[in-house]
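Taking it in order: structure first as structure tokens, then the write-up.
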Amino acid sequence: MSVTAAKGFVAAGCHAGIKRRKFDMAMIATEDLQPVSCAAVFTQNKFAAPPVELDRATLNANGGKAAAVIINSGNANAGTGTPGYKNAQLMAAATGEVLQIANSHVLVCSTGIIGTPLPMEPILSHVPKLAKKLSVEGAHDAARGILTTDHLSKEVVIKGSTFTIGGMAKGCGMIAPNMATMLAFLTTDADIPLLVMQKALKAAADATFNTLNVDGAMSTNDTAMLLASGKRGKADHGEFANATLAACRDLTMQMARDAEGMTRMAHLTVTGAHSNEEARIAAKNIVENNLVKCSWYGGDPYWGRLMAAAGSAGVDLNVARSHVAYGGVVVAKAGVGVEHDGDALVEHMLGDEVQIEVHLGTGHGTAKMIGIDLGPGYIKENSKTS
């Protein structure tokens, strides 16, 4: 179990025919079909998809409540205008009707290709089938139903002292802060105030989902939700926030390891920036640089590309006080290469996860970001639209 590991939730997944063979729909619901507190964070893309716009409006209108979430993969229902918004509403209405709950307590998520109308016939005809399949054991099927180009399902369970957090996510390409082409659904049986939930989810997303940058492409549908049944009583707020962070971190690493074409992951830390925001800007510029990403693919500690990317980020950089290190091995200072332990460096670069520090020499600001290499696998995956 994952998204149903917390008491009070059921789920299901199925193949509806949006995709040729793979599961392409999922549903999550409260076991008693009563609305519960729901916190959420969404993409910051101004070209947000209709399901995102609908969910924002729904949660704003009902005070942060949900009894069910209906999800489809294979089609993002993005770039579909007013008809797309109406189709998202139809998905909510169909779910509300079959579960006999208010449409205003149904959230809708879609993921997949952009600019193509939703195939509503298979979607609407399979909503009742999903509803009949809802069960605690349906978590794994639900995790399969939300995938697009993912190779693996992504699920997590975190046990607290008085509560459980379960979750599932999808995402492996078109990933860039803030959020990613990702959907993440967390559930908990903690009795926790909505404001505390929202703060915990936002902080966790900033520290995890928003540090993952596969290709610099911010999606239109990114959504992360946290629903709380309250079935096991009150929880310590600090412990709950830490558990939410742990769940999101686990899902983030699963997405990173499943990134399209990925062979090597880079854990980049920018230090010595004028501010944390400038560190974040520099980090984003570095991990999105194709020359940098190609050097990661080749296991090449090409520090000059890192500095060039940092220098073009539009933030303060004091070259005289800068340095670059791979796996703790300093390879450059003040903008020039320095003597270093070559054997240790080679050993580190041969691993599938590389630790990198770029120090800008202008202050105390820091930022972390996870980057992915660029090789033939990514190009092959994204040379077609579906």
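General observations
- Which numbered condition residue 231 fails, given (1) in a loop (DSSP other than H, G, I, E, B); (2) basic (Lys, Arg); (3) under 30 Å from residue 380 (Cα atoms): (3)
- The residue of segment 343-386 that is modelled with the highest pLDDT, among those that are part of a loop (DSSP other than H, G, I, E, B) and surrounded by fewer than 16 Cβ atoms within 10 Å (Cβ to Cβ), is 364.
- With respect to the stated conditions, residue 165 is closer than 19 Å to residue 5 by Cβ, touching a helix residue (DSSP H, G or I) at 6+ places or on another chain (Cβ under 8 Å) and either outside any loop (DSSP other than H, G, I, E, B) or at pLDDT 95 or above (or both).
- With respect to the stated conditions, residue 256 fails to be touching a helix residue (DSSP H, G or I) at 6+ places or on another chain (Cβ under 9 Å) and outside any loop (DSSP other than H, G, I, E, B).
- Residue within segment 287-297 that is buried (at least 23 other Cβ atoms within 10 Å of the Cβ), assigned to a loop (DSSP other than H, G, I, E, B) and not assigned by TED's automatic domain parsing to the domain that holds residue 206 present: no
- The set of residues in segment 130-145 being in contact with a Cys (Cβ under 8 Å, 6 or more places away or on another chain) and either within 18 Å of residue 110 (Cα to Cα) or not in a helix (DSSP H, G or I) (or both) consists of 130, 141, 145.
- Being touching a helix residue (DSSP H, G or I) at 6+ places or on another chain (Cβ under 7 Å) and in contact (Cβ under 8 Å) with a residue 60 or more places away in the chain is a property that residue 99 has.
- Residue match in segment 75-97 (condition: under 14 Å from residue 183 (Cα atoms) and of a type in the set (A, V, I, L, M)): yes
- Segment 21-55, subset charged (D, E, K, R) and touching a His at 6+ places or on another chain (Cβ under 9 Å), residue nearest to residue 152 (Cα to Cα): 22
Results for (1) assigned by TED's automatic domain parsing to the domain that holds residue 253; (2) closer than 25 Å to residue 254 by Cα; (3) surrounded by fewer than 24 Cβ atoms within 10 Å (Cβ to Cβ), shown as yes or no for each residue.
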{"site": "111", "(1), (2), (3)": "yes, yes, no"}
{"site": "115", "(1), (2), (3)": "yes, no, yes"}
{"site": "121", "(1), (2), (3)": "yes, no, yes"}
{"site": "143", "(1), (2), (3)": "yes, yes, no"}
{"site": "158", "(1), (2), (3)": "yes, yes, yes"}
{"site": "168", "(1), (2), (3)": "yes, yes, no"}
{"site": "187", "(1), (2), (3)": "yes, yes, no"}
{"site": "204", "(1), (2), (3)": "yes, yes, no"}
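- Set 208, 269, 223: member being of a type in the set (Ser, Thr, Tyr), outside the structural domain of residue 44 (by TED's automatic domain parsing) and modelled with pLDDT of 85 or more: 269
- Some residue of segment 220-231 being of a type outside the set (A, V, I, L, M), surrounded by fewer than 20 Cβ atoms within 10 Å (Cβ to Cβ) and on the phi < 0 side of the Ramachandran plot: yes
- Among the candidates 309, 282, 313, residue that is part of a loop (DSSP other than H, G, I, E, B), crowded, with 20+ Cβ neighbours inside 10 Å, touching a residue at least 24 places away in the same chain (Cβ under 8 Å) and in the same structural domain as residue 368 (by TED's automatic domain parsing): 313
The values are calculated or read from the model by the stated rules, or taken from the named source; none is laboratory data. Keep in mind that this is a model prediction, so the values were computed, not measured. A quick note on method: Cβ atoms are made from the backbone with ideal geometry, for glycine too, and the neighbour counts reach across all protein chains shown.
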